[in-house]
Amino acid sequence: MEIKKTAVAGTLESSDAQVTVEPGSDGIELLVESSVIHQYGRRIREVVLETLERLGVKNARVAVLDKGALDCTLKARVECAVYRSNGMNENLPWGGVIR
Amino acid sequence: MIHPNKKRLRRSMMFLNCQKPGLIKDPYIYGPDSIMLDLEDAVAENQKDAARFSLFHALKEIDYHGVERVVRINGLDTPHWKEDIRVCVAGGADTIRIAKTESAADVRTVEEDVLAAEREFSRPEGSTLLMAALESCLGVLNALEICRSSERLIGIALSGGDYTKDLQTTITGTGDELMGARQHMIMAARAAKVQCWDTVFTNLDDMEGFAEETRLIKRMGFDGKSLVNPRQIAVVHEIFTPSEKEVIFAEKVVREIDEKKARGIGVFTVDGKMIDIAFYDGAKRTLAMAKAAGRYKGDL
């Protein structure tokens, strides 16, 4: 999928993450900020990159402000931001690339 | 075939906002019988999509330890309900709560989409149960046809806020304004052999009022109550679970009726109370509820 416009999903509440995606042209540029960056920074990056790869996002600038989100929440926020950037919210591929 | 979970114990059904990851990640620790993951009123209009993504991954990845996972979808008068159904079924929700149900046709409309989603996502046909929230005078008046509308329907729930608005009154705390709806709904549910749940009690500072209302609806015949806070769970469970004394008496009644029936005796006394066959089903129900709640380990 292409990132067509800037989109944001999630909040800065505890157990959540705020994910912003913007159009890019040079692969994935990922910025992660987290209160648990030393323990989980690598894992957060892995989850975000895997999710983007599954969605077929090749070029994007992505910022994640993590507040202790579980993996399932990170995935949900990345997917939501990507689909929002494409203006899509119906007939989504649940269980397909969203999994 | 009747779904094995159609009649499961549902004393407490706790609402949780799907928009809030912190709320939906571990509610099983509070021990409700069911959680109701909300896509409807608790979720802001511009966050419906985000709530669905959170719901899908929660259903797929969080172990809720046997707590029933009900999802409240948006009403049929909104643009959201079809995608809500798709994500519920794809995620494997146990039950879908239909908001603002007013007729049997409403339930069948949802049922059609649920079946289509079960086929699309390769879920067993008939595996997704339904419950209907009655939130208007028309919905309450049509309770019986709603209760009989589908084999998937486990029961009906009163939504007091919207109902009293439609009735042109308010929630007073006395229960006067809800009495007609409660009485009508429980009779309809029993006539159709489905379950029935009472509305939420939102004043968290009035736990005695909450307990009083819960005792009232228990006496009326309800199966349980919708809840808004984990603090309310223990109160409901205590009131809805048969006491040790009730369990012992019910056990005696069942044993005595079985034994006396074999000897051709129709009426007799147990602990000084006159007993006949009319007490049998009630005693069996007490034991079944105590067993489901873990308070009775016997074999009756």
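The values are calculated or read from the model by the stated rules, or taken from the named source; none is laboratory data. Remember, predicted model here, so these are calculated numbers, not experimental data. Cβ placement follows ideal geometry from the backbone for every residue including glycine, while neighbour counts extend to all protein chains displayed.
Given the criteria in contact (Cβ under 8 Å) with a residue 60 or more places away in the chain and more than 10 Å from every other protein chain (Cβ to nearest Cβ), does A:Ser85 qualify?
Judged against the criteria, A:Ser85 is a match.
Is it the case that A:Leu92 is within 21 Å of B:Asn46 (Cα to Cα), more than 10 Å from chain B (Cβ to nearest Cβ), in a loop (DSSP other than H, G, I, E, B) and at pLDDT 95 or above? Answer is no for this residue.
Out of B:Lys225, B:Lys193, one residue alone is free of Cβ contacts under 8 Å to residues at least 24 places away in the same chain and under 16 Å from the mean Cα position of the chain (by Cα). It is B:Lys193. Which of the residues belonging to segment B:52-68 are more than 9 Å from every other protein chain (Cβ to nearest Cβ) and free of Cβ contacts under 8 Å to residues at least 40 places away in the same chain? Residues satisfying the conditions are B:Leu59, B:Asp63, B:Tyr64, B:His65, B:Gly66. All conditions but one from (1) among the aliphatic types (A, V, I, L, M); (2) buried (at least 19 other Cβ atoms within 10 Å of the Cβ); (3) under 23 Å from B:Ala90 (Cα atoms) apply to A:Val97; the one that does not is (2). Among the criteria (1) within 11 Å of chain A (Cβ to nearest Cβ); (2) buried (at least 18 other Cβ atoms within 10 Å of the Cβ), the one B:Ile146 does not fulfil is (1).
Filter segment A:16-40 down to the residues that are within 15 Å of A:Leu65 (Cβ to Cβ) and surrounded by 15 or more Cβ atoms within 10 Å (Cβ to Cβ) and list them by number.
Hits for segment A:16-40 are A:Asp16, A:Ala17, A:Gln18, A:Val19, A:Thr20, A:Val21, A:Glu22, A:Leu30, A:Val32, A:Ser34, A:Tyr40.
Scanning segment A:63-73 for residues that are buried (at least 23 other Cβ atoms within 10 Å of the Cβ) and either more than 9 Å from chain B (Cβ to nearest Cβ) or free of Cβ contacts under 8 Å to residues at least 40 places away in the same chain (or both) yields a count of 2.
Residues checked against (1) within 14 Å of another protein chain (Cβ to nearest Cβ); (2) aliphatic (A, V, I, L, M); (3) in contact with a strand residue (DSSP E or B) (Cβ under 7 Å, 6 or more places away or on another chain):
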{"site": "B:Ile24", "(1), (2), (3)": "yes, yes, yes"}
{"site": "B:Ile35", "(1), (2), (3)": "no, yes, yes"}
{"site": "B:Glu45", "(1), (2), (3)": "yes, no, no"}
{"site": "B:Val70", "(1), (2), (3)": "no, yes, yes"}
{"site": "B:Glu112", "(1), (2), (3)": "no, no, no"}
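The set of residues in segment B:1-59 being among the aromatic types (Phe, Trp, Tyr) and touching a Gly at 6+ places or on another chain (Cβ under 7 Å) consists of B:Phe56 alone. B:Lys260 meets all of the listed conditions (1) among the basic types (Lys, Arg); (2) out of contact with any strand residue (DSSP E or B) (no Cβ under 9 Å at 6 or more places or on another chain); (3) not assigned by TED's automatic domain parsing to the domain that holds B:Glu151 but one, namely (2). Looking across segment B:187-210, the residues that are touching a strand residue (DSSP E or B) at 6+ places or on another chain (Cβ under 9 Å), assigned to a loop (DSSP other than H, G, I, E, B) and not aromatic (Phe, Trp, Tyr) come down to B:Val194, B:Thr199, B:Val200. Give me the residue from segment B:74-106 that is of a type in the set (A, V, I, L, M) and within 14 Å of chain A (Cβ to nearest Cβ) and, out of that set, nearest to the chain's Cα centre (by Cα). Step by step, filter segment B:74-106, then rank; the result is B:Ala93.
Residues that are surrounded by fewer than 24 Cβ atoms within 10 Å (Cβ to Cβ) and out of contact with any His (no Cβ under 8 Å at 6 or more places or on another chain) within segment B:41-56 comprise B:Asp41, B:Ala42, B:Val43, B:Ala44, B:Glu45, B:Asn46, B:Gln47, B:Asp49, listed in sequence order. Keeping to segment B:271-292, report how many residues are surrounded by fewer than 17 Cβ atoms within 10 Å (Cβ to Cβ) and not in a helix (DSSP H, G or I). So the count comes out to 5. Filtering segment B:25-40 to residues that are modelled with pLDDT under 95 and either under 25 Å from B:Glu135 (Cβ atoms) or part of a loop (DSSP other than H, G, I, E, B) (or both) leaves B:Lys25, B:Asp26, B:Pro27, B:Gly31.
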